[in-house]
1. With a cap of 13 neighbouring Cβ atoms within 10 Å, and only residues DSSP puts in a loop, list the trypsin sites (Lys or Arg not before Pro) found in region 320-428.
2. Counting other C-beta atoms within 10 Å, and keeping those with at most 16, which DSSP coil trypsin sites (Lys or Arg not before Pro) do you find in region 108-163?
3. Count the lysine pairs in region 5-423 that are 8 or more places apart or on different chains: how many have C-alpha atoms under 22 angstrom apart?
4. What per residue convex hull volume, in Å³, do the alpha-carbon atoms of the chain yield?
5. Could you calculate the contour length gain from Gln353 to Ala308, that is, 0.36 nm times the residue separation minus the distance between their Cα atoms, to one decimal place in nm?
6. At a 10 Å Cβ-Cβ cut-off, how would you order Ser37, Ser222, Ser182, fewest neighbours first?
7. Taking 7 Å along the Cα-to-C-beta vector as the label spot, tell me the Ala262-Ala244 distance in nanometres, rounded to one decimal.
8. How large is the dipole of region 5-423 about the Cα centre if only Lys and Arg carry +1 and Asp and Glu carry -1, each at its Cβ, rounded to the nearest 20 debye?
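Here, each number is a calculation from the coordinates, and none is a lab measurement. Being a predicted model, the structure only gives us computed values, none of them experimental. Quick reminder, even Gly has a Cβ in these numbers, built from the backbone with ideal geometry, and neighbours come from all protein chains shown.
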Amino acid sequence: MLRAPQFAFIAALLAAAAMWCYVDYILIPHQQSQSASLGIPRGNLSDLYPRWLGSRELLLHHRDPYSPEVTREIQLGYYGRELDPNRSNDPKDLQGFAYPVYVAFLLAPTVTSPFQVVLTGFRWFLTILTVLTVPLWLRSLNRRVSRLTTLTWIVFTLGSFAAVQGIKLQQLTLLVCGFVASAMAALVSGHLIAAGVLLALGTIKPQLTGILIAWLALWVVSDWPARKRLAYGFVVTFLALVLAGEALLPGWISRFRAAAAAYVQYTGGGKSVLDVAAGPLGKLLALAILALNAVYVWKNRRASANQAAFARCLALVMSATLVIIPTYAPYNQLLLLPALMLIVGDAAVCWRQGKMTRIFIMLAALSVAWPWLSAMLLSVLLIFVSHARLQNAWALPLLSSLYIPLTVFGLTVLCVWRGNQESVGRAVAGRS
């Protein structure tokens, strides 16, 4: 990328155009035709809608958003009708309000507007926020790149299947990505209270932020006088959200836990990328990865936010999160951006580490690039082959989806190990 920035930018434009073309002209038409043939209901299919309607009913009408009555009303908008358990083709996801109640505070400005207006505005908001996460992540990693390289990262990001899916569905994961990227950029810039506030807001999806928060808690206590403001910002904001939610809906925590448990049960979820890829060994591998992360962040707990060791910890923690959390939805892969940025920056050095490393780099590159390559192939074929026939190949760009988090995490471990070896080498040379 650094040697040929213009070529990388053109490649990014082509890849992004191909991905959007694939989604609009192959994937969505396939889903529509499948729904029509099987009688699967399709309403607005917006992941924002259950959270928006639940928040509106809570704030305006003081109704419990976790209640079965509100869930049925959500289904009327999301699916176009209530789900019928007697219909075998009906979705199993009941689309309940399976979020912490304080997400209602974030959505409060929208609850008095018609949902179609909110949907359009939120889609553009998520698009702009996703664009902004790129320079924020670069700042978090202390990576100084040219404007063209930054723009290339932005185009690749917006053209990734993760971003396209998230924007199309109005997924709140993209909002959490914005909070986390902003929090880390603020932390690196020395604005610790702001970083804590933003990190607390990101807990609307606790599964995406839990490991990150645990690492930063260790980082804070390792130098409490200098870093305590991060804890103050986070704890005060988080307690304010929890207590305000309790005042608004007493006993919401138990309701949320029940809704989250029900969500895992009726969606058949609760499986991580490791669980799907490794079966019964998935849980053991997850524990091993957590132990690996714990050892590395413990050794580097005193590193300041502007040091390379801190950036490596960030990349390692975020990539580990994606293989451990009990979900493997592609839109979550936007949290791999810091790891990918670290890998691209260190790829040339890692390439010289040996044949096995080069093979792994090529496999990881193929898994990440596969969705774009196959989307480009299908987009070209749209010129020559009927859309109906190409819909049979709808799954082609998604074949590597499960392996992207795994290979990116593995390559991140290699880059982190290489960076750690360099640091040790410099320290030894300095003492000699």
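1. Arg352
2. In loop regions of region 108-163 (DSSP not H, G, I, E or B), the sparsely surrounded trypsin sites (Lys or Arg not before Pro) are Arg144.
3. 8
4. 158
5. Gain on stretching Gln353 to Ala308: 14.2 nm.
6. Least crowded to most crowded, the residues run Ser37, Ser222, Ser182.
7. 2.6
8. Using Cβ point charges on Lys, Arg, Asp and Glu, region 5-423 gives about 1040 debye.
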